[in-house]
1. Calculated from the structure, percent of Cα pairs over 41 Å apart equals which of (i) 10; (ii) 24; (iii) 17?
2. Quick check: Cα centre of the range 121-146 to Cα centre of the range 80-117, how many Å?
3. Which peptide among 109-115, 384-390, 268-274 comes first, and what is the full order, when sorted by highest mean count of other Cβ atoms within 10 Å?
4. Going by average Cβ density within 10 Å per residue, which order do the peptides 395-403, 425-433 take, highest to lowest?
5. Using the Cα centre of the chain as origin and beta-carbon charges of +1 (Lys, Arg) and -1 (Asp, Glu), tell me which of S312, P264, L167 is placed farthest towards the positive end of the dipole.
6. Nothing charged except the Cβ atoms of Lys and Arg (+1) and of Asp and Glu (-1): what's the magnitude of the dipole of the range 174-267 about its Cα centre? Round to the nearest 20 debye.
7. Relative contact order of the range 1-119, please, whole-number percent, based on alpha carbon pairs below 8 angstrom and at least 6 residues apart.
8. For the chain, what does the relative contact order come out to in percent, with C-alpha contacts under 8 Å and a separation of six or more?
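The values are calculated or read from the model by the stated rules, or taken from the named source; none is laboratory data. As the structure is a prediction and not an experimental result, all values here were calculated from the model. Here Cβ is always computed from backbone atoms with ideal geometry, including for glycine, and neighbour counts include all displayed protein chains. Surface areas here come from the heavy atoms of the whole protein model, side chains and all, with no ligands, DNA or RNA. Shrake-Rupley method; radii C 1.70, N 1.55, O 1.52, S 1.80 Å.
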Amino acid sequence: MKVLKFGGTSVGSAERIKHVADLISKRGAGDIVVLSAMSGTTNTLVEIADYLYKKNVPGAQETLNALEVKYNDVRARLFSTAEAISAADVALDRSFSYIRKLMASEFTVDEEKEILAQGELMSTALMQCYLMEQGVHSVMLPALEYMRTEANGAPDMRYISSRLQRLIEMEDKADVYITQGYICRNAYGEVDNLRRGGSDYTASIIGAVMEADEIQIWTDIDGMHNNDPRYVDGTAPVSALHFEEAAELAYFGAKILHPSCVLPAKLHNIPVRLLNTMQPNAPGTVIYNMPPDGTIKAVAAKDNVTAIKIKSGRMLLAYGFLHKVFETFEKYKTSIDMIATSEVGVTVTIDDETHLADIIDELKTFSTVTVDHDMVIICVVGDLEWHNCGFESQAVAALHDIPVRMISYGGSNYNISMVVRSCDKVAALKRLSEALF
């Protein structure tokens, strides 16, 4: 059994839904298919929630009406029988009516999560109705009946495994099982979600608890490329990556895969394959616990980075100085991406400036602080064990005429990271492609 996840663009229109249905119905292997909301839906639902937070109910209603028109058009293009149209109408009306009901209540973050869940509920309902119309024996596995997180936000793997197995056993053997990505319940039974990119995480969690043969992430690109094709010409998909390499690339900017997807698959040693919905025969990229192969695999970039230089007030790093620095970031729940130290100070990068002013104020009580905004982390990923001579020098030499604010090497066996100005990002990506590939 395999777990197949299809993203929003893969089910973004009636034609795309038909194409995905054709892909999964031909397999007949009892695979579990995880679907995201149709492309654009989650953004629209977030917009509706924003109107409701601002108490602009007419704005929310107008936006919801436009979304309903879109879904009615998809329904009209997707189905050909009265029975399927009726079933789809019931499912869509359930979600739109529920959102309108929430508009009439006091709006909080709980209602927002209920609204955001409707995107996946509608996309899976449309797919289920279409598969039934085509005579495919498919079974719906409602994510809200088995996907649960613990109080700390981590997936409750024991609960998920038990509930999911029970749901599957309650049904006759199906050709395909359909379920929602992204959405879940929290430890208190409330509707919640796994945040953006959570459908990848859903697929990985299901693959882990079901001991799947493989987890497949289907998107609109043929695997993870060795550089960003939006900025660099002639990029190519990487045929194979180690789990650690894929995690580094996902975290530092390769949008095809959500970083959280890697861990459950890695822990349970289940290969993850990245495939292109529009080119289903392309080999894509497979991610697994491969042995080191002595090569550099890819380059990625992470935008919206802030570099913070924190200099000790003494000649040498005083005992407890680093503890006070990290304690400050922990206090404001702000993660650090990179770190570099010297005799008298430390420089870190963050990607969330929400609490930056408070952090700086506190750091200034025991150090001097310099902040560089609008920076980018350029990440070079591959088999970068320190004894592989010359790899780090190739990466640094490629940027010989581009100012580099910070370098991190040695913290991982798979990554060299360099911080540059955002205006130098594209040039840096191109130079690294020319030098490394």
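1. This structure yields the entry labelled (ii).
2. Here the two parts' Cα centres lie 16 Å apart.
3. Working: 109-115: 17.6, 384-390: 11.4, 268-274: 20.1.
By packing density, highest mean first, the sequence is 268-274, 109-115, 384-390.
4. Working: 395-403: 14.9, 425-433: 19.7.
Final packing ranking: 425-433, 395-403.
5. The residue sitting most towards the positive pole is S312.
6. So the dipole magnitude of the range 174-267 works out to roughly 340 debye.
7. Value for the range 1-119: 27 percent.
8. Over the chain, the number comes to 13 percent.
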